[in-house]
Amino acid sequence: MITVLLIMLSGILTGFAINRFPLAIKINDRLISWAIYVLLFLLGISVGLNKTIIQNLDKIGMQALIITVGAISGSVLALWILYRVLFREEQNKGGRDEK
Amino acid sequence: MKNSLIILAFFVAGLVLGISKNLPDLMMQSDFSLYALYILMFLVGIGIGVDRKSWSILRTMKIKIILIPMGVIVGTFAGTALASIFIPDLKLKEVLAVGAGFGYYSLSSLFITQLSGETLGVIALLSNILREIFTLLATPTLVLYFGKLAGIASGGATSMDTTLPVITRYSGKEWSIIAVFSGVILTILVPFLVTFILNYF
């Protein structure tokens, strides 16, 4: 997987080099969308061929949901603390007047 | 949201084809998904490199702002670690890796598939799509109870694009640059964190 990360870094450098060309940026966005479509289509196929996954889809879905609930509540609580400690003061100084 | 539906449609189309086994032999033994992932990562890299707006935001930000994506990372890991107690079938590092998608379901699911197999890849896909959908639906409520950063927290990596409109709408315009910043940082970190967790934990 180090290969993949190096490939991404070389992409970033290429991106620096071509960031003056709006057309290149547009084409790149399109290509990313299509690369994602193709890859998820392929993932769909291999999952469809995989009996174990198909037979356990309800269980897998439940596990996914539990992870999501954990991830979201954890981050929301962490940023709630951060907000109360660091950011709310500044907001109020900024003169909000909704309340 | 429209984009997620298209992506999901491609995945489901592949799924149906796979289940029906109506495939040419070449597809049945396809191993070119790794090369397709290489191409995708190169393109994603270019996308990050050409994004001048994000880079200039980075330069003008106060140090304090970096605490926001850090908070999302710490919170996500703490929350998913807790969640792993309820999922005896998965190892702690597998649950953490799924969480480290931060809602960036396309990339994280493909990465995890390569590193850990299809089952965990599908869990990553579903879990991270759910994160995006939940953020779109719940941000208005979350912001009421947990402060202006709640949408950014819930959105994770998606707060730079798909969930940005709803965050801007309910937290206020002054938070949208911060949302983009946090989303960009998390998006860049997804492949690194996922690889790190699955390989070295």
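The values are calculated or read from the model by the stated rules, or taken from the named source; none is laboratory data. This one's a predicted model, so the numbers in the text were calculated from it and none came from an experiment. Using ideal geometry, Cβ is built from the backbone for each residue, glycine included, and neighbour counts are taken over all protein chains shown. SASA here: full protein model, heavy atoms, side chains in, ligands and nucleic acids out. Shrake-Rupley method; radii C 1.70, N 1.55, O 1.52, S 1.80 Å.
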>> Being farther than 22 Å from A:Leu82 by Cα, under 14 Å from the mean Cα position of the chain (by Cα) and surrounded by fewer than 20 Cβ atoms within 10 Å (Cβ to Cβ) is the requirement here; does B:Ile129 meet it?
In response: no
> Among the listed residues B:Gly172, B:Gly151, which satisfies the condition of being open to solvent by less than 10 Å² (accessible area, probe 1.4 Å), of a type outside the set (Lys, Arg) and either under 17 Å from the mean Cα position of the chain (by Cα) or over 26 Å from A:Asp29 (Cβ atoms) (or both)?
Replying inline: B:Gly151
> So, in segment B:114-153, of the ones that are touching a residue at least 60 places away in the same chain (Cβ under 8 Å) and of a type in the set (Val, Ile, Thr), which residue ends up nearest to the other protein chains (Cβ to nearest Cβ)?
Replying inline: B:Ile152
> What is the residue count in segment B:72-88 for residues that are within 7 Å of another protein chain (Cβ to nearest Cβ) and surrounded by fewer than 20 Cβ atoms within 10 Å (Cβ to Cβ)?
Replying inline: 4
>> If I go through segment B:38-57 residue by residue, how many of them are modelled with pLDDT under 80 and surrounded by 14 or more Cβ atoms within 10 Å (Cβ to Cβ)?
In response: 4
>> Could you go through segment B:107-119 and let me know if any residue there is of a type in the set (Gly, Ala, Ser), surrounded by 24 or more Cβ atoms within 10 Å (Cβ to Cβ) and modelled with pLDDT of 95 or more.
In response: no
> Which ones in segment B:162-186 are within 11 Å of another protein chain (Cβ to nearest Cβ) and either part of a helix (DSSP H, G or I) or in contact with a Cys (Cβ under 6 Å, 6 or more places away or on another chain) (or both)?
Replying inline: B:Ser171, B:Glu174, B:Trp175, B:Ile178, B:Ser182, B:Leu186
>> Of the conditions (1) under 30 Å from B:Leu15 (Cβ atoms); (2) modelled with pLDDT of 95 or more, A:Ile36 satisfies every one except a single condition; which number is it?
In response: (2)
> How about segment B:103-161: which helices (runs of 4 or more DSSP H) wholly inside it have at least 1 residues that are under 17 Å from B:Ala179 (Cα atoms)?
Replying inline: B:118-146, B:150-155
